[in-house]
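One structure below.
The values are calculated or read from the model by the stated rules, or taken from the named source; none is laboratory data. All of these numbers come straight from a predicted model, not from anything done at the bench. Virtual Cβ from ideal backbone geometry, glycine too; neighbours counted across all protein chains shown. We work out accessible area using only protein heavy atoms, side chains counted, and drop any ligands, DNA or RNA first. Shrake-Rupley method; radii C 1.70, N 1.55, O 1.52, S 1.80 Å.
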Amino acid sequence: MTVTTTELAGVGAVSPAPAGEGRRRRSLDRRDRIVGLVAVTPALILVLGFMIYPVLFALYISFNRSNGVNYEWLGLQNYVDLLVDPLVHQIFFTNLKFLIAVPLVIFVSVIVAVLLFERVRGWKAFRLIYFLPSVLSVAVIGIMFKSTFSFGGPVNAAIVAFGGEPVNFFTDGNLAIFVIVLALIWSGFGYQGLIVLSGLSAIDPSVFEAATVDGAGWWKRLWYITLPNIRRVLGFVFIINVLYTFSSLFGFIFVMTAGGPGYETTTLDYLIYLKAFSSANLGAGAALAVMVFLLIGLLTLLQVRFFRITGEED
(Lines give C-alpha, C1' and ligand atoms only; values in the text may rest on other atoms or scores of the structure.)
Protein backbone atom coordinates (compact mmCIF):
# COMPACT_ATOMS: atom_id res chain seq x y z
CA MET A 1 0.00 0.00 0.00
CA THR A 2 1.34 3.41 -1.00
CA VAL A 3 1.20 6.27 1.51
CA THR A 4 1.05 9.72 -0.03
CA THR A 5 3.03 12.72 1.21
CA THR A 6 -0.18 14.43 2.17
CA GLU A 7 -1.17 11.51 4.38
CA LEU A 8 2.28 11.44 6.04
CA ALA A 9 2.07 15.13 6.80
CA GLY A 10 -1.29 14.57 8.43
CA VAL A 11 0.06 11.87 10.78
CA GLY A 12 0.38 13.24 14.31
CA ALA A 13 -0.99 16.63 13.38
CA VAL A 14 -3.18 18.26 16.00
CA SER A 15 -6.19 20.11 14.80
CA PRO A 16 -6.30 23.68 16.11
CA ALA A 17 -8.73 24.38 18.94
CA PRO A 18 -11.78 26.35 17.97
CA ALA A 19 -11.62 30.07 18.69
CA GLY A 20 -14.57 29.76 21.07
CA GLU A 21 -12.67 27.21 23.21
CA GLY A 22 -9.76 29.67 23.72
CA ARG A 23 -12.13 32.42 24.78
CA ARG A 24 -13.83 30.05 27.22
CA ARG A 25 -10.47 29.14 28.80
CA ARG A 26 -9.50 32.80 29.19
CA SER A 27 -12.86 33.49 30.77
CA LEU A 28 -12.38 30.61 33.24
CA ASP A 29 -8.87 31.80 34.10
CA ARG A 30 -10.17 35.33 34.71
CA ARG A 31 -12.96 33.98 36.89
CA ASP A 32 -10.48 31.88 38.91
CA ARG A 33 -8.30 34.95 39.52
CA ILE A 34 -11.30 36.96 40.68
CA VAL A 35 -12.43 34.17 43.01
CA GLY A 36 -8.89 33.93 44.40
CA LEU A 37 -8.71 37.66 45.04
CA VAL A 38 -12.11 37.65 46.74
CA ALA A 39 -11.00 34.71 48.92
CA VAL A 40 -7.83 36.45 50.16
CA THR A 41 -9.42 39.88 50.59
CA PRO A 42 -10.48 39.34 54.26
CA ALA A 43 -6.98 38.16 55.18
CA LEU A 44 -5.47 41.09 53.25
CA ILE A 45 -7.67 43.55 55.14
CA LEU A 46 -6.62 42.01 58.45
CA VAL A 47 -2.93 42.18 57.52
CA LEU A 48 -3.19 45.79 56.38
CA GLY A 49 -5.38 46.82 59.32
CA PHE A 50 -3.70 45.01 62.18
CA MET A 51 -0.08 44.67 61.07
CA ILE A 52 1.10 47.04 58.34
CA TYR A 53 -0.84 50.12 59.47
CA PRO A 54 0.29 49.89 63.13
CA VAL A 55 3.90 49.43 62.00
CA LEU A 56 3.74 52.49 59.76
CA PHE A 57 1.98 54.50 62.47
CA ALA A 58 4.61 53.47 65.03
CA LEU A 59 7.27 54.65 62.59
CA TYR A 60 5.49 57.99 62.35
CA ILE A 61 5.21 58.27 66.15
CA SER A 62 8.93 57.60 66.50
CA PHE A 63 9.62 60.99 64.88
CA ASN A 64 7.45 62.80 67.42
CA ARG A 65 7.17 63.55 71.11
CA SER A 66 3.73 62.24 71.94
CA ASN A 67 1.52 61.24 74.85
CA GLY A 68 -0.93 59.53 72.52
CA VAL A 69 -3.06 62.63 72.02
CA ASN A 70 -0.68 65.44 71.09
CA TYR A 71 2.17 65.11 68.62
CA GLU A 72 5.23 67.36 68.36
CA TRP A 73 7.50 66.69 65.39
CA LEU A 74 11.13 66.09 66.43
CA GLY A 75 12.61 64.42 63.37
CA LEU A 76 15.46 62.10 64.33
CA GLN A 77 15.90 63.53 67.82
CA ASN A 78 14.37 60.47 69.55
CA TYR A 79 16.83 58.20 67.77
CA VAL A 80 19.79 60.43 68.61
CA ASP A 81 18.79 60.55 72.28
CA LEU A 82 18.52 56.77 72.44
CA LEU A 83 21.87 56.18 70.73
CA VAL A 84 23.72 58.36 73.26
CA ASP A 85 21.72 57.25 76.31
CA PRO A 86 24.00 55.27 78.74
CA LEU A 87 20.96 53.42 80.09
CA VAL A 88 20.19 52.01 76.62
CA HIS A 89 23.83 50.88 76.33
CA GLN A 90 23.65 49.19 79.74
CA ILE A 91 20.39 47.40 78.88
CA PHE A 92 21.76 46.28 75.52
CA PHE A 93 24.67 44.55 77.26
CA THR A 94 22.22 43.09 79.79
CA ASN A 95 20.29 41.65 76.87
CA LEU A 96 23.51 40.06 75.62
CA LYS A 97 23.83 38.21 78.94
CA PHE A 98 20.59 36.39 78.22
CA LEU A 99 22.19 34.91 75.08
CA ILE A 100 23.82 32.33 77.38
CA ALA A 101 20.43 30.61 77.29
CA VAL A 102 20.73 29.97 73.53
CA PRO A 103 23.46 27.27 73.48
CA LEU A 104 22.09 25.75 76.69
CA VAL A 105 18.55 25.32 75.39
CA ILE A 106 19.86 23.96 72.07
CA PHE A 107 22.07 21.46 73.91
CA VAL A 108 19.14 20.23 76.01
CA SER A 109 16.88 20.13 72.93
CA VAL A 110 19.36 18.03 70.96
CA ILE A 111 19.80 15.55 73.83
CA VAL A 112 16.03 15.21 74.25
CA ALA A 113 15.46 14.88 70.49
CA VAL A 114 18.15 12.20 70.12
CA LEU A 115 16.73 10.20 73.03
CA LEU A 116 13.24 10.38 71.55
CA PHE A 117 14.61 9.51 68.10
CA GLU A 118 16.37 6.44 69.52
CA ARG A 119 13.10 5.52 71.27
CA VAL A 120 14.39 4.95 74.76
CA ARG A 121 12.07 3.12 77.12
CA GLY A 122 9.00 5.24 77.82
CA TRP A 123 9.77 7.65 74.96
CA LYS A 124 6.07 8.27 74.19
CA ALA A 125 5.35 9.41 77.75
CA PHE A 126 8.55 11.49 77.80
CA ARG A 127 7.51 13.22 74.57
CA LEU A 128 4.36 14.48 76.31
CA ILE A 129 6.25 15.50 79.46
CA TYR A 130 8.94 17.37 77.54
CA PHE A 131 6.39 19.31 75.52
CA LEU A 132 4.24 20.24 78.52
CA PRO A 133 6.13 23.50 79.35
CA SER A 134 5.47 24.74 75.82
CA VAL A 135 1.70 24.85 76.39
CA LEU A 136 2.00 26.93 79.57
CA SER A 137 1.82 30.70 79.32
CA VAL A 138 4.85 32.86 80.05
CA ALA A 139 3.03 34.35 83.05
CA VAL A 140 2.45 30.93 84.60
CA ILE A 141 6.07 29.87 84.05
CA GLY A 142 7.34 33.16 85.45
CA ILE A 143 5.23 32.84 88.60
CA MET A 144 6.35 29.22 89.04
CA PHE A 145 10.04 30.11 88.92
CA LYS A 146 9.58 33.24 91.02
CA SER A 147 7.88 31.17 93.71
CA THR A 148 10.43 28.37 93.45
CA PHE A 149 13.41 30.70 93.89
CA SER A 150 11.79 33.14 96.33
CA PHE A 151 13.38 33.70 99.74
CA GLY A 152 10.94 31.27 101.37
CA GLY A 153 10.64 28.96 98.38
CA PRO A 154 11.63 25.29 97.98
CA VAL A 155 15.11 26.05 96.58
CA ASN A 156 16.07 28.01 99.69
CA ALA A 157 14.42 25.36 101.85
CA ALA A 158 16.73 22.77 100.27
CA ILE A 159 19.76 25.04 100.77
CA VAL A 160 18.91 25.47 104.46
CA ALA A 161 18.33 21.72 104.82
CA PHE A 162 21.91 21.12 103.62
CA GLY A 163 23.27 23.62 106.14
CA GLY A 164 23.52 26.70 103.92
CA GLU A 165 22.14 30.19 104.23
CA PRO A 166 19.06 31.21 102.22
CA VAL A 167 19.78 33.25 99.12
CA ASN A 168 17.68 36.18 97.91
CA PHE A 169 17.95 35.47 94.19
CA PHE A 170 16.03 38.53 93.08
CA THR A 171 18.10 41.20 94.85
CA ASP A 172 21.22 40.34 92.87
CA GLY A 173 21.14 41.09 89.15
CA ASN A 174 23.29 38.15 88.04
CA LEU A 175 21.38 35.66 90.18
CA ALA A 176 18.08 37.02 88.86
CA ILE A 177 19.35 36.61 85.29
CA PHE A 178 20.38 33.04 86.18
CA VAL A 179 16.82 32.24 87.32
CA ILE A 180 15.30 33.80 84.18
CA VAL A 181 17.70 31.81 82.00
CA LEU A 182 16.59 28.61 83.74
CA ALA A 183 12.98 29.57 83.03
CA LEU A 184 13.83 30.17 79.36
CA ILE A 185 15.51 26.77 79.05
CA TRP A 186 12.72 24.92 80.80
CA SER A 187 9.98 26.62 78.79
CA GLY A 188 11.63 26.27 75.38
CA PHE A 189 13.50 22.98 75.14
CA GLY A 190 10.40 20.83 74.50
CA TYR A 191 9.16 22.73 71.47
CA GLN A 192 12.63 23.10 70.03
CA GLY A 193 13.33 19.44 70.75
CA LEU A 194 10.41 18.58 68.46
CA ILE A 195 11.89 20.78 65.72
CA VAL A 196 15.22 18.96 66.04
CA LEU A 197 13.38 15.62 66.11
CA SER A 198 11.70 16.47 62.80
CA GLY A 199 15.17 17.06 61.34
CA LEU A 200 16.39 13.73 62.69
CA SER A 201 13.39 11.95 61.17
CA ALA A 202 14.43 13.20 57.72
CA ILE A 203 17.78 11.36 57.88
CA ASP A 204 17.91 8.11 55.91
CA PRO A 205 17.94 5.24 58.47
CA SER A 206 20.28 3.24 56.23
CA VAL A 207 23.03 5.75 57.05
CA PHE A 208 22.85 4.83 60.73
CA GLU A 209 22.66 1.14 59.89
CA ALA A 210 25.77 1.34 57.73
CA ALA A 211 27.64 3.23 60.46
CA THR A 212 26.64 0.63 63.04
CA VAL A 213 27.83 -2.19 60.79
CA ASP A 214 31.15 -0.36 60.38
CA GLY A 215 31.54 -0.31 64.16
CA ALA A 216 30.67 3.34 64.88
CA GLY A 217 29.53 3.81 68.47
CA TRP A 218 26.74 6.06 69.72
CA TRP A 219 28.96 9.12 70.18
CA LYS A 220 30.59 8.76 66.75
CA ARG A 221 27.18 8.41 65.09
CA LEU A 222 26.01 11.52 66.94
CA TRP A 223 29.10 13.58 66.07
CA TYR A 224 29.76 12.48 62.49
CA ILE A 225 26.26 11.63 61.22
CA THR A 226 23.47 13.12 63.31
CA LEU A 227 24.76 16.64 63.94
CA PRO A 228 26.07 17.30 60.39
CA ASN A 229 22.76 16.16 58.89
CA ILE A 230 20.71 18.50 61.07
CA ARG A 231 23.06 21.46 60.72
CA ARG A 232 20.42 23.64 59.06
CA VAL A 233 17.77 22.68 61.59
CA LEU A 234 20.16 23.65 64.39
CA GLY A 235 20.86 26.90 62.56
CA PHE A 236 17.13 27.64 62.40
CA VAL A 237 16.71 26.86 66.12
CA PHE A 238 19.70 29.09 66.92
CA ILE A 239 18.20 31.98 64.93
CA ILE A 240 14.76 31.81 66.55
CA ASN A 241 16.37 31.65 70.01
CA VAL A 242 18.50 34.74 69.38
CA LEU A 243 15.49 36.64 68.04
CA TYR A 244 13.42 35.51 71.02
CA THR A 245 16.10 36.79 73.38
CA PHE A 246 15.94 40.28 71.87
CA SER A 247 12.21 40.54 71.34
CA SER A 248 10.15 38.28 73.61
CA LEU A 249 11.50 38.34 77.17
CA PHE A 250 8.96 40.94 78.29
CA GLY A 251 6.63 38.41 79.92
CA PHE A 252 9.35 36.81 82.03
CA ILE A 253 10.81 40.15 83.10
CA PHE A 254 7.42 41.69 83.90
CA VAL A 255 6.30 38.76 86.07
CA MET A 256 9.58 37.79 87.75
CA THR A 257 11.66 40.94 88.35
CA ALA A 258 9.94 43.99 86.78
CA GLY A 259 13.38 44.85 85.42
CA GLY A 260 15.01 45.03 88.85
CA PRO A 261 16.97 45.29 90.93
CA GLY A 262 17.41 48.72 89.40
CA TYR A 263 17.72 48.07 85.67
CA GLU A 264 19.93 44.97 86.03
CA THR A 265 17.43 42.57 84.45
CA THR A 266 15.73 45.08 82.12
CA THR A 267 15.78 44.01 78.47
CA LEU A 268 15.25 46.05 75.31
CA ASP A 269 11.64 44.98 74.85
CA TYR A 270 10.87 45.78 78.50
CA LEU A 271 12.55 49.18 78.11
CA ILE A 272 10.23 49.90 75.17
CA TYR A 273 7.32 49.38 77.54
CA LEU A 274 8.88 51.60 80.21
CA LYS A 275 9.63 54.45 77.82
CA ALA A 276 6.33 54.29 75.95
CA PHE A 277 3.90 53.88 78.83
CA SER A 278 5.65 54.59 82.14
CA SER A 279 7.17 57.87 80.98
CA ALA A 280 4.19 58.79 78.75
CA ASN A 281 6.52 59.37 75.82
CA LEU A 282 5.28 57.14 73.04
CA GLY A 283 7.77 58.68 70.61
CA ALA A 284 10.84 57.39 72.48
CA GLY A 285 9.26 53.97 72.93
CA ALA A 286 8.34 53.76 69.25
CA ALA A 287 11.84 54.86 68.21
CA LEU A 288 13.40 52.16 70.39
CA ALA A 289 10.98 49.60 68.93
CA VAL A 290 12.06 50.57 65.41
CA MET A 291 15.73 50.26 66.41
CA VAL A 292 15.13 46.81 67.94
CA PHE A 293 13.28 45.80 64.76
CA LEU A 294 16.24 46.85 62.63
CA LEU A 295 18.65 45.06 64.99
CA ILE A 296 16.62 41.85 64.75
CA GLY A 297 16.55 42.11 60.95
CA LEU A 298 20.32 42.58 60.82
CA LEU A 299 20.92 39.66 63.19
CA THR A 300 18.64 37.45 61.09
CA LEU A 301 20.49 38.26 57.86
CA LEU A 302 23.88 37.64 59.46
CA GLN A 303 22.80 34.34 60.97
CA VAL A 304 21.16 33.10 57.77
CA ARG A 305 24.38 33.82 55.88
CA PHE A 306 26.48 32.17 58.59
CA PHE A 307 24.39 28.98 58.71
CA ARG A 308 23.70 29.09 54.96
CA ILE A 309 20.12 28.02 55.58
CA THR A 310 18.80 29.17 52.20
CA GLY A 311 21.75 28.01 50.09
CA GLU A 312 22.42 24.79 48.24
CA GLU A 313 23.43 21.74 50.17
CA ASP A 314 27.17 21.19 50.28
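Quick notes on this structure:
- Straightening the chain between ASN70 and SER198 buys 41.0 nm, computed as 0.36 nm per residue apart minus the Cα-Cα spacing.
- Residue-by-residue Karplus 3J(HN,Hα) for region 229-246, coefficients 6.51, -1.76, 1.60, Hz, glycine and proline x: 7, 10, 4, 6, 5, 5, x, 4, 5, 4, 4, 5, 5, 5, 5, 4, 5, 8
- Calculated FRET efficiency for the pair VAL40/LEU295, C-beta based, R₀ 22 Å, to 0.05: 0.10
- Sequence of ILE180, ILE52 when ordered by accessible area, the most exposed leading, probe 1.4 angstrom: ILE52, ILE180
- The per residue volume of the convex hull around the alpha-carbon atoms of region 96-221 is 155 Å³.
- Per-residue ³J(HN,Hα) for region 78-86, Karplus 6.51 cos²θ - 1.76 cosθ + 1.60, θ = phi - 60°, Hz, x for Gly and Pro: 4, 5, 4, 4, 5, 5, 9, 7, x
- Near ASN64, the amide H atoms lying under 5 Å from its own belong to LEU74; only residues 5 or more places off or on other chains count, and H is placed 1.01 Å from N.
- Cα-only Debye scattering, region 159-246: base-10 log of I(q)/I(0) at q = 0.12, 0.13, 0.14 Å⁻¹: -0.60, -0.66, -0.70
- Take the Cβ atoms of ILE111 and ASP172, set R0 to 30 Å, and the FRET efficiency comes out at 0.50.
- Residue-wise HN-Hα coupling along region 23-32, computed from phi with Karplus coefficients 6.51, -1.76, 1.60 (Hz; x: Gly, Pro): 5, 5, 5, 4, 5, 5, 4, 5, 5, 4
- Under DSSP loop assignment and at most 16 Cβ neighbours within 10 Å, longest chymotrypsin sites (Phe, Trp or Tyr not before Pro)-free interval of the chain: 1-150
- Between the Cα long axis of helix 138-148 and the first principal axis of the chain there is an angle of about 30°, rounded to the nearest 10.
- Spacing of the two label points (7 Å from each Cα toward its C-beta) at PHE93 and ALA216, in nm: 4.5 nm
- Equivalent ellipsoid of region 30-84: semi-axes from √(5λ) of the C-alpha gyration tensor, largest first, are 38, 11, 8 Å.
- Stretch in the chain that is longest and holds no GluC sites (Glu not before Pro) that DSSP places in a loop and that have at most 14 other beta carbons within 10 Å: 119-311
- Cα-based shape type of region 160-314, given that a ≥ b ≥ c are square roots of the gyration tensor eigenvalues and the cut on a/c is 1.5: oblate
- Cα gyration tensor shape of the chain, rounded if a/c is under 1.5, else prolate or oblate by comparing a/b with b/c: oblate
- Residues VAL135 and ALA161, FRET efficiency given R0 of 25 Å [Cβ-Cβ distance, rounded to 0.05]: 0.20
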